[in-house]
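Chemist: Below is the structure I would like to discuss, written out as structure tokens.
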Amino acid sequence: MMKSIWQTETVPPVSKPEPLRGMNRADVAVIGAGMAGVLTAYELQSRGAKVVVLERGRIGNGVTAGTTAKITSQHRLIYDRLISGFGVEKAAQYAQANQRAIRQYAALVKSKKIDCDFERRPAFVYARGDTEKLEREMRAAVRLGIPATLTDRTELPFSVAGALCFPEQAQFNPLRFLYALARELTIYENTPVWNIEGNTVSFRGGKLRAQAVVVATHYPIVNSPGYYFLRMHQKRSYVVALSGTPPLEGMYLDEKESGLSFREADGLLLLGGAGHRTGKNTEGGNYGRLIRNAGILYPQASVRAMWSAQDCITADGVPFIGEYASSMSRVFVATGFNKWGMTGAMVAASLLSDKITGKENAYAPVFSPRRFPVRASAGNLTADSAQAVMGLGEQMLHLPSRTLDNLSPGQGGVVRYDGRKVGAYKDEKGQVFLVSTRCPHLGCELKWNPEEKTWDCPCHGSRFDFRGRLLDAPARHGNVNRRTALANGVIKNK
């Protein structure tokens, strides 16, 4: 898999690489050592709690490693929509919680003297055509207390009709920041959690009993209760890092989801975009589209790195932060950050720490996982439900006509083999790797992603490498059927 510039330039802390074993106790168990989990654990520990963090893989090696690391309350065009769907009071809670999160990052970086390239920068949403949506968003933001302004002058290599500016936002190196906090915490890597019963977390070879449990696994690992898989889907997006570009002071994002994002990082320009719903990338070419755009906009630039990221998207555009479910006493969740995980992680750390320690938080109601604002979410819920029905139907009813012989070296896809449907990838040397096409999460049919040579679930976003090994939740284990090698035209089990 391709690595981000954060991963290649940042040295991980010395942690506990050996998995946790046996019976253990803590005040709080935090599941997931990404930004949300580490910030929550750090805040709770600073309040005197004994916290143990369990991580399936390595610290910060999931979504946090792939972020473009913008710390901003400007989440594309959200505030006009929040006022319409949630009302002014809850929209203000969202705005103020995210504005506060920026200040909290700044204070923590300063107090801990963390060298993470933290910088205050303006954030812009730009429009190349009609500016009506920008104007409505500006009025909404100002109404909610954000000092937003409109301009038609930017640093971008093309003209814009308008750009909505939020001043005093921020950017940083997320892994340097994360690792600095992680060094002060008790984190066990390579400890995937299998289940949560009451306040007891179960994992291979042991259990951890705690007074409270925080699920910060990007996508919640327990289906029922909570039913988060009915209220979210996942999207992938892509980034190329360019050298040889002019300096950029602001952070920029197109008002359209199909547009481009820009930010500078350590002398490189991060050009992002080309996103799609996970599992909806059968043609590939996303990096190519970004590179072609880079060639047009910055002809002298060179590509230094490429990587992708995955984000949970809630039906109403607001994260779920709070109690996991009414029947799961003292279990809490932080998920659905809608591509704004850095600010959302700090919001989650504050809200959950307050909840666990019995402190009131004025911003909590808008993020409640128990909410169901029909006006803000009905359309997306319908689309997500239709995708799940289609994915299940394809797995049960669709039998492909293609066979292994139809795959060229370097190609993958769903094929008929030995009278049944399998997922197959043929590498450049002719080796064939077979996996089940059935997602082990809830049974939808996996789709081949030629961009990254992975098997992706279009229903809920689980991902697996071509060998069937788990890459992204909500699935909790791989989908390996059997791995084979192609030798002299004969399939042999390995």
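Chemist: With just the Cα atoms of the range 138-274, tell me how far they stretch along each of the three principal axes, in Å, largest first.
Modeler: 58, 35, 29
Chemist: How much of the calculated P(r) for the range 33-80 lies past 14 Å, in percent of all Cα pairs?
Modeler: Numbers: 704 of 1128 pairs.
Here the tail beyond 14 Å accounts for 62 percent of pairs.
Chemist: Charges at C-beta only: +1 for Lys and Arg, -1 for Asp and Glu. How large is the resulting dipole of the chain about its Cα centre, in Debye rounded to 20? Intermediate values should be presented prior to the final figure.
Modeler: Values: 64 positive and 44 negative charges, 268 e Å.
For this selection, approximately 1280 debye.
Chemist: While we're looking at this one, here's another question. Ordered by packing density, taken as the mean number of other Cβ atoms within 10 Å over each peptide's residues, highest first, how do 327-336, 277-286 rank?
Modeler: 327-336, 277-286
Chemist: I need the Debye-formula profile for the range 1-59: one equal scatterer per C-alpha, no solvent, reported as log10 I(q)/I(0) at q = 0.13, 0.14, 0.25 1/Å, two decimals.
Modeler: -0.42, -0.48, -1.15
Chemist: Could you give me D for the range 243-325, from Stokes-Einstein at 10 °C and 1.306 mPa s, where the hydrodynamic radius is the Kirkwood radius over C-alpha pairs? Units µm² s⁻¹, please.
Modeler: Values: Rh = 15.0 Å.
For these conditions, the coefficient is 106 µm²/s.
Chemist: Same structure, new question: Measure off 7 Å from each Cα along the Cα-to-Cβ vector at ASN406 and GLU132, then give the distance between these two points in nanometres to one decimal.
Modeler: 4.6
Chemist: Ratio to report: Rg/Rh of the range 9-134, with Cα atoms as the point set and Rh obtained by the Kirkwood method; give two decimals. Walk me through the numbers on the way to the answer.
Modeler: Working: Rg = 18.6 Å, Rh = 17.8 Å.
My calculation of the ratio gives 1.05.
Chemist: What does the highest-first list of 209-221, 21-33, 453-465 look like by mean Cβ count within 10 Å?
Modeler: On the way: 209-221: 23.8, 21-33: 20.7, 453-465: 25.4.
Peptide ranking by packing, descending: 453-465, 209-221, 21-33.
Chemist: Given axes a ≥ b ≥ c from the Cα gyration tensor, I'd like to know whether the range 62-108 is rounded (a/c under 1.5), prolate (a/b larger than b/c) or oblate. If you can, show how the numbers build up before the last one.
Modeler: Values: a/c = 3.01, a/b = 1.60, b/c = 1.88.
Oblate.
Chemist: For the range 326-371, take N as its residue count and report Rg(C-alpha) divided by 2.2 N^0.38 Å.
Modeler: Working: Rg = 10.7 Å, N = 46, 2.2 N^0.38 = 9.4 Å.
Against the empirical 2.2 N^0.38 Å value, I get 1.14 for the range 326-371.
Chemist: Are any of the pairs LYS3/LYS113; LYS207/LYS355; LYS3/LYS110; LYS207/LYS235; LYS3/LYS339; LYS207/LYS339 more than 30 Å apart by Cα-Cα distance, and if so, which? Can you show the working numbers first?
Modeler: On the way: LYS3/LYS113 27 Å; LYS207/LYS355 24 Å; LYS3/LYS110 28 Å; LYS207/LYS235 33 Å; LYS3/LYS339 19 Å; LYS207/LYS339 33 Å.
Flagged as over cut-off: LYS207/LYS235; LYS207/LYS339.
Chemist: Post the alpha-carbon centroid distance, the range 239-313 to the range 1-80, in whole angstrom.
Modeler: 24
Chemist: A further question on this structure: How much accessible area per residue does the chain have, counting only protein heavy atoms and a probe of 1.4 Å, in square angstrom?
Modeler: Numbers: 20590 Å² over 494 residues.
So the chain comes to 42 Å² accessible per residue, rounded to a whole number.
Chemist: To continue, here is another question. Return one quarter of the surface area of the convex hull spanned by the alpha-carbon atoms of the chain, equal to its mean projected area, in nm².
Modeler: 23.2
Chemist: Please work out the Kirkwood hydrodynamic radius for the range 287-358, using every pair of different C-alpha atoms, and report it in angstroms with one decimal place. Mind showing how you got there, number by number?
Modeler: On the way: mean 1/r = 0.0659 Å⁻¹.
Hydrodynamic radius (Kirkwood, Cα pairs) of the range 287-358 is 15.2 Å.
Chemist: In whole percent, and with a 1.4 Å probe on the protein chains, what portion of the accessible area of the chain is carbon and sulfur?
Modeler: Details: 10170 of 20590 Å².
Carbon and sulfur atoms account for 49 percent of the accessible area of the chain.
Chemist: Round to the nearest 0.05 the FRET efficiency obtained for LEU230 and ASP117 when R0 = 45 Å and r is the Cβ-Cβ distance. Let's see the in-between values first.
Modeler: Numbers: r = 39 Å, r/R0 = 0.87.
Efficiency for this residue pair is about 0.70.
Chemist: Moving to a separate point now. Roughly speaking, what is the stretch gain from GLU428 to SER84, that is 0.36 nm per residue apart minus the C-alpha to C-alpha distance, in nm to one decimal? The partial results should precede the final answer.
Modeler: Details: separation 344, 0.36 × 344 = 123.84 nm, distance 5.28 nm.
Full extension from GLU428 to SER84 adds 118.6 nm.
Chemist: Further question on the same structure: Nearest 0.05, what FRET efficiency do THR149 and SER258 give at R0 = 25 Å with Cβ-Cβ as r?
Modeler: 0.45
Chemist: Pull out the extension gain between PHE158 and ARG25, defined as 0.36 nm times the separation in residues minus the alpha carbon to alpha carbon distance; nm, one decimal. Could the numbers behind the result be given before it?
Modeler: Details: separation 133, 0.36 × 133 = 47.88 nm, distance 5.72 nm.
Computed gain between PHE158 and ARG25 is 42.2 nm.
Chemist: What FRET efficiency comes out for the pair THR200/ARG47, r = Cβ-Cβ distance, R0 = 25 Å, nearest 0.05?
Modeler: On the way: r = 23 Å, r/R0 = 0.91.
Given R0 = 25 Å and the Cβ-Cβ separation, E is 0.65.
Chemist: Could you pull out every whole DSSP H run in the chain that spans at least 27 Å of Cα extent along its own axis and averages -0.5 or higher on the Kyte-Doolittle scale? Show your work: numbers first, answer last.
Modeler: Details: long enough: 88-112 (36 Å, -0.63); 374-397 (34 Å, 0.30).
Correct list, ordered by number: 374-397.
Chemist: Binned at 10 Å from 0, what are the whole-percent values of the Cα-Cα distance distribution for the range 79-164, short to long?
Modeler: Once binned at 10 Å, the Cα pair distances of the range 79-164 give 16, 36, 31, 16, 1.
Chemist: With only Lys, Arg, Asp and Glu charged, each at its Cβ (+1 for the first two, -1 for the last two), find how big the charge dipole of the range 200-339 is about the Cα centre; round to the nearest 20 debye. Can you show the working numbers first?
Modeler: Numbers: 15 positive and 10 negative charges, 127 e Å.
That gives a dipole near 600 debye.
Chemist: More than 22 Å apart: what percent of Cα pairs in the range 191-271 qualify?
Modeler: Details: 1757 of 3240 pairs.
In whole percent, the share of Cα-Cα pairs in the range 191-271 beyond 22 Å is 54.
Chemist: In percent, what relative contact order does the range 237-386 have, based on Cα pairs under 8 Å that are 6 or more apart in sequence?
Modeler: Working: 225 pairs, mean separation 30.7, N = 150.
That works out to 20 percent.
Chemist: Ignoring everything except DSSP H segments at least 4 long, calculate the 222 nm mean residue ellipticity for the chain; use -39,500 (n - 2.57) per segment, divide by total residues, nearest 500.
Modeler: On the way: 11 runs with 131 residues, N = 494.
The per-residue figure over the chain is -8000 deg cm²/dmol.
Chemist: Shifting gears a bit: Percent antiparallel among DSSP beta bridges with both residues in the chain, to the nearest 5? Could the numbers behind the result be given before it?
Modeler: Working: 78 of 102 bridges.
Roughly 75 percent of the DSSP beta bridges within the chain come out antiparallel.
The values are calculated or read from the model by the stated rules, or taken from the named source; none is laboratory data. Treat the numbers as computed from the prediction; the structure is a model and nothing was measured. Note that we place each Cβ from the backbone using ideal geometry, even for glycine, and neighbour counts take in every protein chain shown. These area figures cover heavy atoms from the full protein model, side chains too; ligands, DNA and RNA do not enter into them. Shrake-Rupley method; radii C 1.70, N 1.55, O 1.52, S 1.80 Å.
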